[in-house]
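Below is one structure; the comments refer to it alone.
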Amino acid sequence: KSFSRQLDQLSRLGSSSLTSIPEEVREHVKLLLNVTPTVRPDADQMTKIPFFDDVGAVTLQYFDTLFQRDNLQKSQFFKGLPKVLPKLPKRVIVQRILPCLTSEFVNPDMVPFVLPNVLLIAEECTKEEYIKLILPELGPVFKQQEPIQILLIFLQKMDLLLTKTPPDEIKNSVLPMVYRALEAPSIQIQELCLNIIPTFANLIDYPSMKNALIPRIKNACLQTSSLAVRVNSLVCLGKILEYLDKWFVLDDILPFLQQIPSKEPAVLMGILGS
């Protein structure tokens, strides 16, 4: 009797019973619930209904087949993902997409394509969500030095990282990445780092600024063979002087300026500016 009653209810199923289902697929769902097997659409027929042509649905379908794709296909997909993410519900992004993205961190070649999307999601997360869901996945990536684009991406998002990362993790993971950038053999990385430091210097704790950051900026200036790095070091110092106390400047920065080995016009201008 119970079975017959259930069949009867299915046969009289109205639209009011399916209000939680998107209107575009309600009729298809009613067909799926039909007691006659030949009336029910199969999986292939369901994937062809217009509702699943939605960019969000297509994106999720692609994620389901990600393991079948090569690196080139993945990279093209990840490049276009930032345009799609704003169109998807946050719950879907956090529960479905984020785990798929972070699982690609084991593939160094994919990190430069995946990381911008993860940081884009981080911007929309609360601090608590970021600490619980994203920061643990970023830990190993902070330490990666190749490909070089990884460091560039992080440097461009330092404001986000320093705002949402707990102080202990900033000291142990984020700032060491900045220090490595200042010591990197790549002039491009050093220049970018020196240009970006003033934009987040106000977020760095004073002991780290005084004992770790400033010595590395000074060393970059003195040891480099690049005029651009030397000038940018001086410009960087000039911009962060406001965060240093007067006595440190007098005892440490001014004597350092006298040690600079070159006297090119651009360097002299940088010294005067500092």
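The values are calculated or read from the model by the stated rules, or taken from the named source; none is laboratory data. Everything numeric in this text was worked out from a predicted model, so none of it was measured. Neighbour counts run over all protein chains shown; Cβ positions are idealised from the backbone, glycine included.
Observations on the structure shown:
Conditions tested, residue by residue: (1) β-branched (Val, Ile, Thr); (2) closer than 23 Å to LEU254 by Cα.
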| position | (1), (2) |
| --- | --- |
| VAL178 | yes, no |
| GLN190 | no, yes |
| LEU203 | no, no |
| ARG216 | no, yes |
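- Some residue of segment 170-180 being at pLDDT 90 or above, among the basic types (Lys, Arg) and surrounded by fewer than 19 Cβ atoms within 10 Å (Cβ to Cβ): yes
- Residue match in segment 97-108 (condition: of a type in the set (Asp, Glu), touching a residue at least 24 places away in the same chain (Cβ under 8 Å) and more than 24 Å from ALA184 (Cα to Cα)): yes
- Segment 91-111: number of residues that are part of a helix (DSSP H, G or I) and under 16 Å from the mean Cα position of the chain (by Cα): 13
- Matching entry among MET158, MET110 (being closer than 26 Å to ILE214 by Cβ, not hydroxyl-bearing (Ser, Thr, Tyr) and not assigned by TED's automatic domain parsing to the domain that holds ASN232): MET158
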